[in-house]
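S.K.: For reference, the structure I am asking about is given below.
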Amino acid sequence: MSDRQEQISQVVVTAEQMRDIEARIFAAGMPVVALMEKVAGLIARRIQNIYPNQKGAGTLGRRDTESSFPTSPRPPLFASSSLFFSNPCIGILVGPGHNGGDALVVARELYFRGYEIWIYSPFSQLKELTSQHLQYARSLGIPIYQEIEQLPNSDLLIDGLFGFGLERNLTDPIASAINQLNQLSVPILSIDLPSGLHTDTGEVLGTAIRATHTFCLGLWKLAFLQDQALEYVGKAELIDFDIPLADVEAVLSEAPRIKRITPITALSTLPLPRPAITHKYKEGHLLLICGSRRYAGGAILTALGARGSGVGMLSVAVPESLKSLLVSHLPEALIVGCPETETGAIAQLQLPTKTNLSSFSAIACGPGLTTDASPIVQQVIESDVPLVLDADALNILAEIATIPTLQKRQAPTILTPHTGEFQRLFPNITDVKHHRIKAVQQAAAQTGAVVLLKGARTAIANPQNQVWIIPESTPALARGGSGDVLTGLLGGLLAQAATKHIPVEDIAATAAWWHSQAGILAAQERTELGVDAFTLAQFLIKTLKSKLQLITYH
Ligand SMILES: NC(=O)C1=CN([C@@H]2O[C@H](COP(=O)(O)OP(=O)(O)OC[C@H]3O[C@@H](n4cnc5c(N)ncnc54)[C@H](O)[C@@H]3O)[C@@H](O)[C@H]2O)[C@@H](O)CC1
Ligand SMILES: [K+]
């Protein structure tokens, strides 16, 4: 990957920013018509790769001349890079704007490459360029239909109904046409983004195309990193059409930056390589405070996550009755058995002699504590040590008032809530479910903490309004205990970062990326049902090794 490609793959834009970037390109002299030809040419070539046309070899017998309706169930996502239709028939869905124009250029190119093409163009008013392309397609004899009921069968639909120009809710008749198209047992490839999605929030505006594959054009739009858009987007791919970096920089320099974490950014943040001459305390000393008699497993999983981080020294404070269990799982760690409450929570931190909280490079606190450990959480919040708060520590923080408590802290704090914990911590921030990125920015700004909001697309914000998003993950991680592994991993990296002056928000993003990648690799090897939290922890180092090899290889 070139430097330019790497930088482009980190960028995320809103519809307005994309429009401003395009405006600069057009103002500099690039003709609109030429850009559309270029972009659509790239899309057409990519479609030819995925759906090669081997005309003459006979078809797979799936097509007839009847209408596609009534409907049948959808096929699964196409997982392989090509399908085997010998002469694919492709239906092109054309909207009124330049997304429709792109689709029509694709239609023309594929028609000349020998594909069987038909066009669905339900709008009577089209932008001028789109209208010209439709006229030319008609002159070539490509069938054009205005009514959904007339559409013939096809092997693939290309969705060029709406791109980033969609501003208002879709209504009938186009809304019900989209609903019917979604019911067909045909893969749908969306151009730029699935028609009906809001480009920034990923919200469904009335209804939306459920794509199996989406080609995002030029720069990643924010919708692709929003949880609520994911089931519509399918497999997402960036079509890079050589937008000059200078134009991207010019438009984004004033705005709060939202970045996608790439393997290169994540790996370059890790404390690697280690200096030849070092010692265990120089590689960070992490204190984990976790577990209760009721939730012993959470403590083990958190500690295994920390082990995966490579931290120099690991101390784990648990209730006394868990000590031997932890020792048996983590012989390398210093297990600190603490006096317990009647309910089996940590009652008091009983650190070894000559040790206090300031002795540690970082503290991670929360998994399995129960809310009975409230005094312990208050004590660590009052310390001057970099801190990760998760799970019950977040529930305790919510009870003692999140914002004023955190505002008093001098050392860095990282909060790692899932949506439910976030709502308890920040009841004043409304609609976190639909506006996750805005919510996480507000939470960081209000508290001065780095906030890591877990989800299908985990988002991390710092108080300066910058956001990092983890662009890939797996539903295999939706499982009890996987968050505990993240807390340990993040704590271990934070302890190492503290001695090496790596920015806290970069470490949070890197830990979340590593955790997701471990889930992806584990799911590839063991299926999405095979990624229990213990296994996930085992995959951390294996994942790191494979990612480092990939980067070195390139
Ligand atoms: N300008 C260019 O030359 C380029 C454009 N590109 C394509 O152009 C797209 C953006 O084009 P446009 O700005 O024309 O926008 P769109 O093609 O996304 O659609 C906008 C059109 O839809 C109409 N519309 C909006 N909401 C509607 C609703 N709810 N119901 C019915 N009609 C509605 C608008 O009045 C407008 O005519 C991109 O997504 C991309 O596909 C890219 O190929 C890059 C180059
Ligand atoms: K589209």
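S.K.: Please give the contour-minus-distance gain from residue 524 to residue 410: 0.36 nm per residue of separation, less the Cα-Cα distance, rounded to one decimal in nm.
M.R.: Length gained between residue 524 and residue 410: 36.8 nm.
S.K.: Then there's this: On a C-alpha basis, how far is the centre of segment 96-112 from the centre of segment 453-503 in Å? Whole number, if you could?
M.R.: Distance between centres, Cα-based: 41 Å.
S.K.: Quick one: if you stick a label point 7 Å off each Cα along the C-beta vector at residue 144 and residue 323, how many nm between them?
M.R.: The answer from the label model is 8.2 nm.
S.K.: Related question: Any idea how far apart residue 541 and residue 4 come out in nm if each label point goes 7 Å out from Cα toward Cβ?
M.R.: 4.1
S.K.: Over segment 263-553, calculate the relative contact order: mean separation of alpha carbon pairs under 8 Å at least 6 apart, over the residue count, as a percent.
M.R.: Relative contact order of segment 263-553: 21 percent.
S.K.: Same structure again: If I take R0 = 45 Å and measure r between the Cβ atoms of residue 255 and residue 294 in this structure, what FRET efficiency does the formula 1/(1 + (r/R0)^6) give, to the nearest 0.05?
M.R.: Efficiency, from the Cβ-Cβ distance: 0.45.
S.K.: At 7 Å along Cα-to-Cβ for each site, give me the label-to-label distance between residue 279 and residue 30 in nm.
M.R.: For residue 279 paired with residue 30, the spin-label model returns 5.7 nm.
S.K.: Moving on to the next point. Work out how much length residue 419 to residue 135 would gain on full extension: take 0.36 nm times their residue separation and subtract the Cα-Cα distance, in nm to one decimal.
M.R.: Fully extending the segment from residue 419 to residue 135 adds 97.3 nm.
S.K.: Got a sec? Charge dipole of the chain, +1 on Cβ for Lys and Arg, -1 for Asp and Glu; which of 358, 7, 177 is way out at the positive end?
M.R.: 358
S.K.: Can I ask one more? Once you have the alpha carbon radius of gyration of the chain, what is it after dividing by 2.2 N^0.38 Å, with N set to its residue count?
M.R.: 1.09
S.K.: Quick one: helix 296-308 against the long Cα principal axis of the chain, what's the angle to the nearest 10°, folded into 0 to 90?
M.R.: 70
S.K.: State whether segment 263-553 is rounded, prolate or oblate according to the following rule on the C-alpha gyration tensor (a ≥ b ≥ c being the square roots of its eigenvalues): a/c under 1.5 gives rounded; otherwise a/b larger than b/c gives prolate, and the remaining case gives oblate.
M.R.: Here segment 263-553 falls in the rounded category.
S.K.: Based solely on its DSSP helices, what 222 nm [θ] is calculated for the chain when runs of n ≥ 4 H residues each add -39,500 (n - 2.57) and the sum is averaged over all residues, nearest 500 deg cm²/dmol?
M.R.: Here the helix-only value at 222 nm equals -12500 deg cm²/dmol.
S.K.: By how many nm would the segment from residue 46 to residue 501 lengthen if fully extended, with 0.36 nm per residue of separation less the alpha-carbon distance?
M.R.: So the extension gain works out to 159.5 nm.
S.K.: What pairs from 221/438; 323/454; 259/408; 323/354 go past 27 Å between their alpha carbons?
M.R.: Distance filter (> 27 Å) returns 323/454; 259/408.
S.K.: Nearest 10 degrees is fine. How inclined is helix 98-112 to the longest principal axis of the chain, computing both from alpha carbons?
M.R.: 60
S.K.: On to the next question. Leaving out same-chain residues fewer than 8 places away, which lysines sit with a Cα under 18 Å from that of residue 282?
M.R.: Cα-Cα hits under 18 Å: 500.
S.K.: Follow-up question, since we're still on this one. Based on the Kirkwood radius over alpha-carbon pairs, what value in µm²/s does the Stokes-Einstein equation return for the translational diffusion coefficient of segment 313-384 at 20 °C and 1.002 mPa s?
M.R.: Estimated diffusion coefficient is 169 µm²/s.
S.K.: Next question, about the same structure. For a protection proxy built on the mean count of beta-carbon atoms within 10 angstrom, sort 11-17, 488-494, 327-333, 299-305 highest first, please.
M.R.: Ranking, from highest mean packing down: 488-494, 299-305, 11-17, 327-333.
S.K.: Below 8 Å between Cα atoms, with a sequence gap of 6+, how large is the relative contact order for the chain in percent?
M.R.: 12
S.K.: Here's a follow-up. Go through 475-483, 167-175 and give me the packing order, highest mean Cβ count within 10 Å leading.
M.R.: 475-483, 167-175
Rule-based calculations on the coordinates, nothing more; no lab input. A quick note: this is a predicted structure, and the numbers were derived from the prediction, not measured. Heads up, the Cβs are rebuilt from the backbone with ideal geometry, glycines too, and the neighbour counts pull from every protein chain shown.
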